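Since the structure comes first, as structure tokens, the remarks are kept for the end.
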Amino acid sequence: MNNRIHQGHVARKRFGQNFLNDDYIIENIVAAIAPKKGQAIVEIGPGLAALTLPVAKRVEQLTVIEIDRDLAGRLITHPDLKDKIDVIQQDAMTINFKQLADHLGQPLRVFGNLPYNISTPLMFHLFEYTTAICDMHFMLQKEVVNRLVASPNSKAYGRLSVMAQYYCQIIPVLDVPPSAFKPAPKVDSAVVRLTPYQVLPYQVNDINILSRITTEAFNQRRKTIRNSLGKLFTVTQLEDINIDPNLRAENLSVEQYCLLANHYQAPQQIDKQA
Ligand code: SAM
């Protein structure tokens, strides 16, 4: 039997289609999401509705974003869904979640078994809209969940950890084995809850600077920050804010990255006309 055919649909690799096929796991995920009537529930990548159907049973209305035209078509005509579902047939990376929250009249509760090939860029896209999001529950590769929750001084700690932990409180919810999907992925998965802070624990003046510093530091994670951040900070500037220039990217806490971002001084513009 072809392992890529599920409910008459041939799974498309390019859309990262691995469909959930385990009622116990599905029940646990829906219990973790705990959707309630009246909330602005949004699913990314509903696929063949493994999560959509049990969630829809608990609410009166939900919005789903699905890139695959065939799957979107099935959802629109699904007898148990068609009266309560709004299907946006679009790439989730192009969705303005602030506009969607405005349209739905409240912050969003977002969830999804995310296509693994775009899960990290998609989370960075969602971080741009954290003020419009109440919480997010995502199925991800276990390795990505480990990176999301990693603490400093560990191998898994990287740019994703710093940026995600800047915006959100993050809690792993459930481990999921490959056998829970059809077709089965090659890696383990896990569900994680990300709750954007209403008040950020450490606030930066310019998020683009935090983004740049973490990129520079972790692109050369084996080097000391004296070297990896040498273009952005002098040794004296690091020492002035009590950050040891001999540390490496993975030794700095989120708080220290924020401190760096707020002390970054852009090079003076030279005004040629002066
Ligand atoms: N939710 C279903 C389940 O749990 O069985 C399907 C999950 S499958 C891992 C990922 C789903 O995301 C597929 O339905 C796929 O077509 C959809 N998808 C892939 N890329 C997408 C994108 N950029 N925007 C929206 N949906 C996408």
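The values are calculated or read from the model by the stated rules, or taken from the named source; none is laboratory data. As the structure is a computational prediction, the values presented were derived from the model and not from experiment. Every residue, glycine as well, gets a Cβ built from its backbone with ideal geometry; the counts of neighbours run over all protein chains shown. When the accessible area is computed, the model is the full protein with side chains, heavy atoms only, and any ligands, DNA or RNA have been set aside. Shrake-Rupley method; radii C 1.70, N 1.55, O 1.52, S 1.80 Å.
Things to note:
- With only Cα atoms counted, the range 50-137 has Rg and Dmax values of 12.9, 35 Å.
- Value of relative contact order over the range 121-274, rounded to a whole percent, pairs C-alpha under 8 Å and six or more apart: 24 percent
- Zone of Asp23's modelled label, taken as backbone nitrogen in the range 38-52 under 20 Å from a point 7 Å along Cα→Cβ: 48-52
- Dividing the Cα radius of gyration of the range 9-87 by its Kirkwood radius returns 0.94 for Rg/Rh.
- Kirkwood Rh and Cα Rg combined as Rg/Rh, the range 207-263: 0.90
- Inter-centroid distance (Cα atoms) of the range 214-236 relative to the range 36-113, Å: 42 Å
- In the structure shown, the pairs Lys155/Lys223; Lys155/Lys186; Lys36/Lys57; Lys57/Lys82; Lys142/Lys186; Lys155/Lys231 are assessed against 18 Å; a Cα-Cα span above that value is assigned to Lys155/Lys186; Lys155/Lys231.
- Both radii come from the Cα set of the chain: Rg as radius of gyration, Rh as Kirkwood radius; their ratio Rg/Rh reads 1.04.
- Across the range 207-263, the relative contact order, built from alpha-carbon pairs under 8 Å that are at least six residues apart, equals 42 percent.
- Residue-by-residue Karplus 3J(HN,Hα) for the range 185-192, coefficients 6.51, -1.76, 1.60, Hz, glycine and proline x: x, 7, 10, 6, 10, 7, 9, 10
- Projected area, mean over directions - the range 178-234, Cα convex hull, nm²: 7.2 nm²
- Among the trypsin sites (Lys or Arg not before Pro) in the range 206-251, those located in a DSSP loop and surrounded by at most 16 other Cβ atoms within 10 Å of their own Cβ are Arg221, Arg222, Lys223, Lys231.
- Cut-off under 5 Å, modelled amide H: who pairs with Ile88 long-range: Val64, Ile65, Glu66
- Note on the range 145-274: with neighbouring protein chains present and a 1.4 Å probe, carbon and sulfur make up 46 percent of its accessible heavy-atom surface.
- Extension reserve of the Ile171-Ile5 stretch, reckoned as 0.36 nm per residue once the Cα distance is removed: 56.4 nm
- ³J(HN,Hα), Karplus 6.51/-1.76/1.60, whole Hz, each residue of the range 78-93, x for Gly, Pro: 4, x, 8, 10, 4, 7, 10, 10, 10, 9, 9, 8, 6, 6, 4, 5
- Long-range HN-HN contacts of Ser189 with modeled amide H, under 5 Å: Lys142, Val176
- Computed from label points 7 Å out along Cα-Cβ, the spacing between Lys98 and Gln61 is 2.3 nm.
- From most to least packed by mean Cβ count within 10 Å, the peptides 32-43, 149-160, 103-114, 7-18 give 103-114, 32-43, 149-160, 7-18.
- Mean ellipticity per residue at 222 nm, deg cm²/dmol - from DSSP H runs of n ≥ 4 across the chain, formula -39500 (n - 2.57): -9500 deg cm²/dmol
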